[in-house]
Amino acid sequence: MLNAREIEVRDSNVPLQGTIRVLIVDDHAILRAGVREMLSSEDDLQVVGEAGSAEEALELLNSGQEVDVVVLDITLPGQSGIELLQQLRRDRPELAILVLSMHPERSFAVRLMRAGANGYVPKMIVPEELVKAVRAVGTGHRYITPVVAELLASEFASEEDGPVHNKLSERELQVFTRIARGISPAVMANELGLSVKTVSTYRARILEKMSMRSNAEIAAYAVRNQLVD
């Protein structure tokens, strides 16, 4: 579990150690182009690839392309960014992963940092801060905003202190966000490698944990808390 001693906030004086090679993973081509432009203007940062899905990212990484930092959006088609983060942390622990998300810090940041992300920044971040963040994680540091630092330091002393969806397990959260996006149980089962019956079991657990009665309530909660696009 992370604690306050492990938190390094906005360390803009991280020493540079050669060129940092970056892979951008986001399903929006315009966003990828914008991030590429921001980073490519820096002599010590090199964008070596782009991917619009987790599958494309894994294909590029498995091709032998050397990457130091993955700039990752958690909302991806098919395998989600959260699932990709977990897989990369398991299979490629040497990679630094900076989550760049449209979701506010209070929605996902603590969960993602505990899952192994090296940093979490909102998409509305200014270019200078994005560059600092990539440099920080690319040289072995964490990069988090003051809001995330506060959340990590408090560690959600009790479940009631955080949002209700923090009660969900990682798999339940995967099912939850797919229900909120209107994905059918059959498609969901295929994406997650589960049976339709198991998906239904997860749905029942989600409704019970969150004191909800329908998919409509799940969708409304997800939109209200900015857990889905």
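Scan region 137-145 and tell me whether some residue there is at pLDDT below 85 and in contact with a helix residue (DSSP H, G or I) (Cβ under 9 Å, 6 or more places away or on another chain).
Yes, region 137-145 contains at least one residue that is at pLDDT below 85 and in contact with a helix residue (DSSP H, G or I) (Cβ under 9 Å, 6 or more places away or on another chain).
Restricted to region 212-229, and to residues that are loosely packed, with under 15 Cβ neighbours inside 10 Å and touching a residue at least 12 places away in the same chain (Cβ under 8 Å), which residue is farthest from Gly81 (Cα to Cα)?
Asn215
If I ask for residues that are under 17 Å from Arg224 (Cα atoms), within 18 Å of the chain's Cα centre (by Cα) and not in a helix (DSSP H, G or I), which ones from region 169-192 would you list?
Answer for region 169-192, where residues must be under 17 Å from Arg224 (Cα atoms), within 18 Å of the chain's Cα centre (by Cα) and not in a helix (DSSP H, G or I): just Arg181.
Which of the following residues is among the basic types (Lys, Arg), under 23 Å from Ala54 (Cα atoms) and surrounded by 13 or more Cβ atoms within 10 Å (Cβ to Cβ): Arg181, Arg205?
None of the others qualify; the one that does is Arg181.
Tell me which residues, restricted to region 68-83, are surrounded by 19 or more Cβ atoms within 10 Å (Cβ to Cβ) and more than 13 Å from the chain's Cα centre (by Cα).
Answer for region 68-83, where residues must be surrounded by 19 or more Cβ atoms within 10 Å (Cβ to Cβ) and more than 13 Å from the chain's Cα centre (by Cα): Asp68, Val69.
Can you work out which of the residues in region 37-55 that are in a helix (DSSP H, G or I) and buried (at least 17 other Cβ atoms within 10 Å of the Cβ) is nearest to the chain's Cα centre (by Cα)?
Among residues in region 37-55 that are in a helix (DSSP H, G or I) and buried (at least 17 other Cβ atoms within 10 Å of the Cβ), the one nearest to the chain's Cα centre (by Cα) is Ala54.
Got a number for residues in region 179-190 being touching a helix residue (DSSP H, G or I) at 6+ places or on another chain (Cβ under 7 Å) and farther than 14 Å from Leu207 by Cα?
Here the count works out to 4.
Output the residues belonging to region 151-176 that are modelled with pLDDT of 70 or more and of a type outside the set (A, V, I, L, M).
Within region 151-176, Pro163, His165, Asn166, Lys167, Ser169, Glu170, Arg171, Glu172, Gln174, Phe176 meet the criteria.
Any residue in region 28-39 that is assigned by TED's automatic domain parsing to the domain that holds Thr75 and at positive phi sitting within a Cβ distance under 6 Å of a residue that is surrounded by fewer than 13 Cβ atoms within 10 Å (Cβ to Cβ) and of a type outside the set (A, V, I, L, M)? List the pairs, counting only those 6 or more apart or interchain.
Partner pairs satisfying both residue conditions: none exist.
Can you name the residue in region 56-75 that is touching a strand residue (DSSP E or B) at 6+ places or on another chain (Cβ under 7 Å) and part of a loop (DSSP other than H, G, I, E, B) and is also nearest to Val175 (Cα to Cα) among such residues?
Once the filter is applied, the top-ranked residue is Ile74.
The values are calculated or read from the model by the stated rules, or taken from the named source; none is laboratory data. Since the model is a prediction, treat every value here as computed from it, not as a measurement. Positions of Cβ are backbone-derived with ideal geometry, glycine not excepted, and every protein chain shown enters the neighbour counts.
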